[in-house]
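Trainee: Structure provided below as structure tokens; questions to follow.
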Amino acid sequence: AAMAVMMLLFTLVAAAGTLQDERAEGTLDRLRLTPAAGRAVLLGKMLVTMLLAGCQLAVLFGFGAIVFGVPVGPNAFELAVASFVWAFAASALGLLFATACATRKQMEGLSTLVILGMSAVGGAWFPREVAPDWFQTVGLVTPVAWAMDAYHGILWYDQGLLATPEKDGVLVPIL
């Protein structure tokens, strides 16, 4: 799950970076001249990056299930919901970098620092549970921590979306 979370961020920032390429080549200016271009361009990029994210997560979790015995099957619905929400959040973050940065090089440098920082603090490098309480709280500032909490709950603690008397649910981390 940790590799899926962190690598998805890198992939989707790179995919959203095609906006930078289109800006540099002048394609984006031509696209903006079409009716309803602003929303359509961003929505199109969002849909494509989310489709890419879905494929990447399916491959990673499928590989994990086959090779390492990751228990993907028992909570496939919950895993799909968490993956969809994480793909949306990561796609939105990628588009944020692509629209906020002036050049692709600027986007690549800034996004690398932010992604690595979020991954370290959010629990993609090591479980946040082994860190001090203050560090765990700081980690909750990042979407990586919430994604990791959802994936850990689904894959390792057999939690469903909603809480039951016996187990917590993963709906809060997903939201």
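Trainee: Would you work out the relative contact order for the chain, in percent, from Cα pairs under 8 angstrom that are 6 or more residues apart?
Mentor: 29 percent
Trainee: Then there is this: What does the net charge come to around Ile174 if you take all other residues with beta carbon closer than 13 Å to its beta carbon, with K and R at +1 and D and E at -1?
Mentor: -3
Trainee: Which FRET efficiency value, to the nearest 0.05, is calculated for Glu166 and Leu116 with the Förster distance at 25 angstrom and r the Cβ-Cβ distance?
Mentor: 0.10
Trainee: What are the equivalent ellipsoid semi-axes of the chain, built from the alpha-carbon gyration tensor (square roots of five times its eigenvalues), in whole angstrom, biggest first?
Mentor: Values: eigenvalues 202, 66, 39 Å².
Computed over the chain, the values are 32, 18, 14 Å.
Trainee: Calculate the FRET efficiency for Glu25 and Leu175 from the Cβ-Cβ distance with a Förster distance of 45 Å, rounded to the nearest 0.05.
Mentor: Working from the Cβ atoms, E equals 0.70.
Trainee: What's the carbon and sulfur percent of segment 1-81's accessible surface, probe 1.4 angstrom, rounded to a whole number?
Mentor: Carbon-and-sulfur percentage of accessible area, whole number: 74.
Trainee: I've got another one for you. Just to be sure I understand: with springs between alpha-carbon atoms less than 10 Å apart, which residue in Gly73, Gly123, Gly94 has the highest mean-square fluctuation in the Gaussian network model of the chain?
Mentor: Top of the fluctuation ranking is Gly73.
Trainee: While we're looking at this one, here's another question. Among the chymotrypsin sites (Phe, Trp or Tyr not before Pro) within segment 134-164, which fall in a DSSP loop and have no more than 12 other Cβ atoms within 10 Å of their own Cβ?
Mentor: Filter output for segment 134-164: Trp156, Tyr157.
Trainee: While we're here: Considering only the other residues whose Cβ falls under 12 Å of the Cβ of Ile154, what net charge follows from Lys and Arg at +1 and Asp and Glu at -1? Intermediate values should be presented prior to the final figure.
Mentor: On the way: positive: Lys167; negative: Glu78, Asp149, Asp158, Asp168.
Neighbour charge sum, excluding Ile154 itself: -3.
Trainee: How much net charge surrounds Cys101 when only other residues with a Cβ under 13 Å from its Cβ are counted (Lys, Arg +1; Asp, Glu -1)?
Mentor: Its environment carries a net charge of +1.
Trainee: Set the Förster distance to 25 Å, then compute FRET efficiency between Val130 and Met3 from the Cβ-Cβ distance, nearest 0.05.
Mentor: Numbers: r = 18 Å, r/R0 = 0.73.
Approximately 0.85, to the nearest 0.05.
Trainee: Measuring with a 1.4 Å probe in the full set of protein chains, what accessible area per residue, in whole Å², belongs to segment 1-158?
Mentor: 53 Å²
The values are calculated or read from the model by the stated rules, or taken from the named source; none is laboratory data. Note that the structure is a prediction, hence the values are computed from the model and not measured. Please note: Cβ atoms are built from the backbone with ideal geometry, for glycine as well, and neighbour counts cover all protein chains shown. The protein model used for the area step is the full one, side chains on, heavy atoms only, and it has no ligands, DNA or RNA in it. Shrake-Rupley method; radii C 1.70, N 1.55, O 1.52, S 1.80 Å.
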